[in-house]
């Protein structure tokens with residue numbers, strides 16, 4: 001059993017698939033609600049309902065995909081074969097989601113959104129769950145895994161930069177025709193396939209078929225499938241992740257409304273002068289967060305980063321002056337430094353799964369990351385649904401050329417204190433995480449010893 005870390009070229013190749021995955025997720029968070037409300041003409045309440053209903057299937061598909069990948073016995077491995085398969089499905093359903101027929105009724109638009117979003121989330125499951133679990137299979141060392149997740153988070157931010165640059169560059173002249181949306185969709189669809197194939201190639205030899213030691217009867221299979229729900233070391237970061245993801249999705253979904261209605265900034269300014277610097281700083285911040293996690297563990301850096309992000313979000317967004325891009329751009333640098341801590345939660349999942357491995361003797365990283373992806377999609381859908389309902393609550397008028405001053409103030413409250421409260425709540429959960437640095441390393445040593453005895 002090799003314990004040396006994978007070469008950096010392999011680590012980078014592993015993370016590359018996240019470019020397409022994250023670009024698609026970010027574009028959906030920022031654009032989907034606005035696209036269906038403003039372009040398609042669906043009411044905000046119905047749009048929010050469609051997005052929340054899509055969670056029902058996701059509650060099953062992510063853990064199921066994790067369970068399946070744990071037990072896949074293909075020659076190419078148990079995780080890698082799903083990368084190209086999921087990528088093609090994700091690219092096709094992404095195009096479908098943003099290509100509804102013209103002049104749909106409210107019922108038809110609702111049905112199109114619900115159906116295509118369910119299909120997209122299914123394809124996202126097929127690629128994202130095995131890709132996440134693959135990092136844990138590539139090395140048993142928690143410090144090396146943190147580096148792998150750091151690479152994944154770095155490439156996620158490259159995906160964000162791509163998702164920001166394309167519409168930001170073309171939005172000003174093409175917003176009326178919808179060309180910005182069509183261009184972005186096609187670029188992301190191509191990125192999903194290309195980067196997944198790159199990861200598939202780069203990780204060859206680091207994935208192996210499942211061994212025939214997994215439970216074969218229903219009772220033991222259920223124990224394996226439900227193990228994460230009984231593991232406190234998993235449930236605490238999962239709960240924090242859900243809260244933080246709801247806040248982040250709410251932030252992304254109403255960003256266009258906040259910057260255009262509250263601050264009177266156009267879409268191009270928002271993307272290029274605010275979001276782009278923010279994303280670049282996030283990518284750079286990963287180096288510091290990886291170093292901090294290696295020195296003092298994952299828990300307290302995550303608490304500090306996410307907690308300060310929440311507090312500062314509550315304070316600053318209601319105070320930004322109208323018509324000025326510089327203040328939110330400056331704060332974007334600060335927020336970018338802080339939000340890099342979020343990727344540490346992913347690394348906590350592998351540690352929790354290793355703890356379970358010692359208890360049950362099964363290497364079920366897939367089922368753990370299946371629940372993790374389910375939590376991500378539930379949080380995303382809840383955040384999007386909450387966005388729709390909150391927009392109606394503050395009096396947002398669908399299709400109106402201007403909004404009231406009360407609505408503009410309401411957007412500032414949603415974008416600041418409401419979003420920040422979710423980050424603060426997430427940070428408050430993490431001090432109770434039971435794994436210290438010494439405990440992480442002890443678990444790693446025991447897992448390696450058990451794997452070497454096979």
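FYI, it's all coordinate maths here, none of it is from the lab. It should be emphasised that the depicted structure is a prediction, and the values quoted were computed from it without experimental measurement. With ideal geometry, Cβ positions are generated from the backbone for all residues, glycine too; neighbour counts draw on all protein chains shown.
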Placing each pseudo-label 7 Å from Cα in the direction of the beta carbon, residue 428 and residue 232 end up separated by a distance in nanometres of 2.0 nm
The chain: relative contact order from alpha carbon pairs under 8 Å, six or more residues apart, as a whole percent, is 29 percent
Helix 55-70: inclination vs the chain longest Cα principal axis, degrees, rounded to 10, gives 30 degrees
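How do 154-165, 323-334 rank on mean C-beta neighbours within 10 Å, highest first?
Averaged packing, sorted descending, gives the order 154-165, 323-334.
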Expressed in nanometres to one decimal, the distance between label points 7 Å along Cα→Cβ at residue 193 and residue 85 is 1.8 nm
Stretched fully, the stretch from residue 208 through residue 57 gains (0.36 nm per residue minus C-alpha distance, one decimal, in nm) 51.5 nm
In whole angstrom, the spacing between the Cα centers of the stretch 41-83 and the stretch 364-415 equals 20 Å
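What length, rounded to one decimal in nm, is gained on full extension from residue 398 through to residue 322, with 0.36 nm per residue of separation minus their alpha-carbon distance?
This chain segment gains 25.2 nm when fully extended.
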Counting all Cα-Cα pairs in the stretch 63-105, those more than 14 Å apart amount in percent to 62 percent
Mean Cβ-within-10 Å packing, highest first, puts peptides 89-96, 68-75 in the order 89-96, 68-75
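How much space per residue, in cubic angstrom, does the convex hull of the C-alpha atoms of the stretch 8-452 take up? Kindly include the intermediate steps, with their values, before the conclusion.
Working: hull volume 55.8 nm³, N = 445.
Here the figure is 125 Å³ per residue.
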So the FRET efficiency between residue 446 and residue 95, C-beta based with R0 = 35 Å and rounded to 0.05, is 0.15
If the chain between residue 294 and residue 182 were fully extended at 0.36 nm per residue, the gain over the current Cα-Cα distance would be 36.1 nm
